[in-house]
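The values are calculated or read from the model by the stated rules, or taken from the named source; none is laboratory data. The model shown is predicted, which means the values in this text are computed figures rather than measured ones. With ideal geometry, Cβ positions are generated from the backbone for all residues, glycine too; neighbour counts draw on all protein chains shown.
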Amino acid sequence: MSILDRYIANQVLRGYFPILLIFLSVFSLIVLVDEIDEVGQGRYTFWKASEYLILTLPSRFVVLAPFVALLGSIMALGELANGRELIAMQAAGVSPVQLAGSVMKVGLVFMLMVACLQEYVNPSLDQQAIIMRSVALSKSMVYQGKQGVWFREGSQFVRIKEIAYGGVPKGIDIFEFNDEGKMTMVLHAQKADVDNPRKWILRQVEKHLITGHEYSKEFFESLPWNSPLQQEEMRLLTLPASSLSPSELFQYIKVLQRKGQNSLRYELAFWDKLFSPFTTGLMILVAFPFAFGPLRNATVGKRMLLGTLAGIGYFLFTEVLEQFGLLVGVSPLLTTALPFFCLSMLTIGFWRVYFW
């Protein structure tokens, strides 16, 4: 890395960190205020709300990444422009394309962080946060422990180790006791199909019966089971599409398509996550018009205001188009790619006018 690359990278990072800190603080405060409204319901305490806030922090980082990339780059390039450093660099023979390359080296690291968080970090943290919050807010006797979700129905104690994508319970253990408190049955199932919330079909079942000093074991490929969970309690344990990784979403979409079920919402979430790192990178290139061209001599405040309006406008256009696409049944790939394509064309047009 050249001296110029290191200098520009340092300036860009100095622009990113304040914006990231401000955005995360503001949006985390908004989330905390919303969660405090729920405190006192069920077993949901302030500490549970704080835990939820911390667990979902990486997801907020991913959502805010394009805005941070845009405004952070505008701030960094704006400071270079105001200090006449951009003019000095261009006078020394450094082209805008070379400057963009130096900025994008930091941007590529930022994009890689977003992609890795979406695939490897956020899903487990989000799912833990959602299940913890849902169980705490539930008025039923459902508890979340380190080994999964537990609930009791009469003489049976049931543990669900995890709720996989699509609301599929996995690692199900059922313990049954007699009136004397002695265990009479242990049942373990690899997973369950929940077409009806009160009628589960357990898969790959091992059933252990204990009668006095006698013990027997049976195996079933499938076994019907009357679940004690109500419809609303099942919804509490069902994971939303936003908490799944791109690879999990892709697998679940294939499952829904095989069953002939509507998968548009999951496809939309999949393409949103897939485009998110690229949108972050594109926003860095969008920041250049705010340091070159007509806005070269504008104040930092004016650049930031216009950048904020541009980011909000892009976000609103994307949201409206995606929701309209869901309403009329348009391909989620089209509704996700169209705003990205339009912004890319505008950015290329600017570069052609001022740099090429």
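Couple of notes before you dig in:
- The residues listed here are VAL114, VAL94; of these, the one that is in contact with a helix residue (DSSP H, G or I) (Cβ under 8 Å, 6 or more places away or on another chain), outside any loop (DSSP other than H, G, I, E, B) and surrounded by 14 or more Cβ atoms within 10 Å (Cβ to Cβ) is VAL114.
- Any chance MET104 is under 19 Å from the mean Cα position of the chain (by Cα) and surrounded by 15 or more Cβ atoms within 10 Å (Cβ to Cβ): no
- Residue in segment 344-353 that is surrounded by 14 or more Cβ atoms within 10 Å (Cβ to Cβ), among the small types (Gly, Ala, Ser) and in a helix (DSSP H, G or I) present: yes
- In this structure, PHE151 does not qualify as among the hydrophobic types (A, V, I, L, M, F, W, C) and loosely packed, with under 14 Cβ neighbours inside 10 Å.
- From the options GLY93, GLY72, GLY42, residue that is of a type outside the set (A, V, I, L, M, F, W, C) and more than 30 Å from the chain's Cα centre (by Cα): GLY93
- Pair list, Cβ < 6 Å and 6+ apart or interchain, from segment 243-267 residues that are farther than 17 Å from ASP126 by Cβ to residues that are not in a helix (DSSP H, G or I): ILE253/SER263; LEU256/SER263; GLN257/SER263
- If you check PRO58, PRO18 for being within 23 Å of PHE315 (Cβ to Cβ) and at pLDDT 95 or above, only one passes: PRO58.
- Of all residues in segment 1-55, those that are part of a helix (DSSP H, G or I), touching a residue at least 60 places away in the same chain (Cβ under 8 Å), within 30 Å of GLU85 (Cα to Cα) and not aromatic (Phe, Trp, Tyr) total 9.
- Enumeration of residues in segment 66-86 that are touching a Phe, Trp or Tyr at 6+ places or on another chain (Cβ under 7 Å) and surrounded by fewer than 24 Cβ atoms within 10 Å (Cβ to Cβ): PHE67
- Within segment 56-70, restricting attention to residues that are among the β-branched types (Val, Ile, Thr) and part of a helix (DSSP H, G or I), the residue that is farthest from SER245 (Cα to Cα) is VAL68.
- Considering residues of segment 203-223 that are closer than 17 Å to GLN156 by Cα and either among the basic types (Lys, Arg) or at pLDDT below 90 (or both) only, the residue surrounded by the fewest Cβ atoms within 10 Å (Cβ to Cβ): THR211
- So SER73, is it in the same structural domain as PHE275 (by TED's automatic domain parsing), under 20 Å from MET113 (Cα atoms), polar (S, T, N, Q) and in a helix (DSSP H, G or I): yes
- Residue check for TYR7: among the hydroxyl-bearing types (Ser, Thr, Tyr) and modelled with pLDDT under 90: yes
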